[in-house]
Amino acid sequence: MSANFVSSQFLANSMILPITQAQSTLTTAMTEESTGQYADLGLRLGDQSGYELSLKEQVSLIQTLTSGNSLVSTNLATAQNALSAISTSAQTTVSNLTAWTPSANSGATLQTMGQSALQGLIASANTTSGDQYVFGGINSSVAPMADYYSTPTSAAKTAVDQAFQTTFGVLPSDPAAASISASAMQSFLSGPFGALFSGAAWTSDWSSASSTNTSAEIAPGQTVATSTNANEPAFQDLAQAYTMLSEFGGSQLSSAAQQAVASTASSLITQGQDSLTNVQAALGATQSAVTDANSSVSSQSTILQTQINGLDNVDPNATAAQINSLTNQIQMAYELTARLQQMNLAQYLPVP
């Protein structure tokens, strides 16, 4: 009877290991059903682990590019909006100049027109996206265009006053400036005055922007310029036109000289508008390139992710069937163990 008891207990105990193993396998299967991926990818993939790692690195690169492209798109859109504002202001100023005619106190109209347009140009040129100046080129951490109307007097205004006084011996506000002829004024505007808005004078007194634009890789192997800068001719032409209106419109100049100022400014603004259109077109081409790049890398990402899923993801139907099978096995094992533990030889001996 003792031997029989030991045999029954041994049989019951012998079920513990299979049950434990089945429970462990069931836990793993349930985890895989929940996550949709194999619990031990290294064991599952074996020598394909390196291939899968390469695929994931490519997906990570694409995600980085996509994130960078989002920032680029925001900066480009901000720049385009600012350029549109500059273009609208330029068109309004040209229209006002076309309607303007010399008369008593009409110079003050030119001055107000110039001041408003120049202030708008400076504000738009110093537009930011995040913490970056979109017209700063690679020097995007510094405001690209100086405030002409700053206090103390800006270097740009000081240079304008000095150029006028050097040429004519008086300041624009001096009554003696009324003797300046239209031809002399025209020569000044295209000569000493015009020189203040290009080359070293421009980068010294007006602009802190870099002429080198920012660039970025928008797709594997594809790098494009992603900005423009305030050293473009459009900014120089418009600043020159608006400054001459602001400085000489409300001055003591004769009507003929003021007419020369208005005509020169109008030509410069039209020239600036043409340059502005070229800048907008260049940024528009970059925007299109970024859109195309996003579409391309998105397709690549989908293909790569499909390959990764093929390596990582479990078959949900097979996993469900495995869970069902293991659950049944464990339940049967528990029932068998319980019955073995209840077995006793005394139950089968005849009653004396």
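The values are calculated or read from the model by the stated rules, or taken from the named source; none is laboratory data. Worth saying up front: this structure is predicted, and the values here are computed from it rather than measured. Because the Cβ atoms are built from the backbone with ideal geometry, glycine has one as well, and the counts that use them run over all protein chains shown. Ligands, DNA and RNA are stripped out before the accessible areas are found, and what is left, the full protein with its side chains, is counted by its heavy atoms. Shrake-Rupley method; radii C 1.70, N 1.55, O 1.52, S 1.80 Å.
With the checklist (1) touching a Leu at 6+ places or on another chain (Cβ under 7 Å); (2) under 30 Å from Ser179 (Cβ atoms); (3) of a type in the set (A, V, I, L, M) in hand, flag the one item Ala257 doesn't pass.
Ala257 satisfies every listed condition except (1).
How many residues does segment 205-230 hold that are surrounded by 24 or more Cβ atoms within 10 Å (Cβ to Cβ) and over 19 Å from Ser84 (Cβ atoms)?
4
Quick one: which residue in Ser275, Ser263, Ser267, Ser254 is at pLDDT below 95, out of contact with any Lys or Arg (no Cβ under 8 Å at 6 or more places or on another chain), open to solvent by 10 Å² or more (accessible area, probe 1.4 Å) and not basic (Lys, Arg)? It would help to see each step written out before you state the result.
Values: Ser275 fails: at pLDDT below 95; Ser263 fails: at pLDDT below 95; Ser267 fails: at pLDDT below 95.
Selected residue: Ser254, the only one of Ser275, Ser263, Ser267, Ser254 that is at pLDDT below 95, out of contact with any Lys or Arg (no Cβ under 8 Å at 6 or more places or on another chain), open to solvent by 10 Å² or more (accessible area, probe 1.4 Å) and not basic (Lys, Arg).
Provide a single number: the residues in segment 98-147 that are in a helix (DSSP H, G or I) and either buried (at least 19 other Cβ atoms within 10 Å of the Cβ) or not aliphatic (A, V, I, L, M) (or both).
Summing the residues that are in a helix (DSSP H, G or I) and either buried (at least 19 other Cβ atoms within 10 Å of the Cβ) or not aliphatic (A, V, I, L, M) (or both) in segment 98-147 gives 19.
Given the condition free of Cβ contacts under 8 Å to residues at least 12 places away in the same chain and within 28 Å of Asp274 (Cβ to Cβ), answer yes or no: does some residue in segment 224-232 qualify?
No, segment 224-232 contains no residue that is free of Cβ contacts under 8 Å to residues at least 12 places away in the same chain and within 28 Å of Asp274 (Cβ to Cβ).
Just to be sure I understand the filter: pairs with C-beta atoms under 7 Å, separated by 6 or more residues or on different chains, first member in segment 287-303 and touching a residue at least 60 places away in the same chain (Cβ under 8 Å) and closer than 17 Å to Leu76 by Cβ, second member open to solvent by less than 50 Å² (accessible area, probe 1.4 Å) and of a type in the set (A, V, I, L, M). Which pairs pass?
Gln287/Leu76; Ala289/Ile218; Ala289/Val224; Val290/Val72; Val290/Ile218; Ala293/Ile218; Ala293/Ala219
Name the one entry in Leu43, Leu26, Leu55 that is open to solvent by 90 Å² or more (accessible area, probe 1.4 Å), of a type in the set (A, V, I, L, M, F, W, C) and modelled with pLDDT under 85.
Leu43
Is it the case that segment 286-305 has a residue that's open to solvent by 60 Å² or more (accessible area, probe 1.4 Å), more than 15 Å from Asn69 (Cβ to Cβ) and in contact with a helix residue (DSSP H, G or I) (Cβ under 9 Å, 6 or more places away or on another chain)?
yes
Quick check on segment 74-91. Is at least one of its residues over 30 Å from Ala257 (Cα atoms), modelled with pLDDT of 80 or more, part of a helix (DSSP H, G or I) and open to solvent by 60 Å² or more (accessible area, probe 1.4 Å)?
yes
Given the options Thr226, Thr243, Thr212, name the one that is hydroxyl-bearing (Ser, Thr, Tyr) and under 16 Å from the mean Cα position of the chain (by Cα).
Unique residue meeting the criteria: Thr226.
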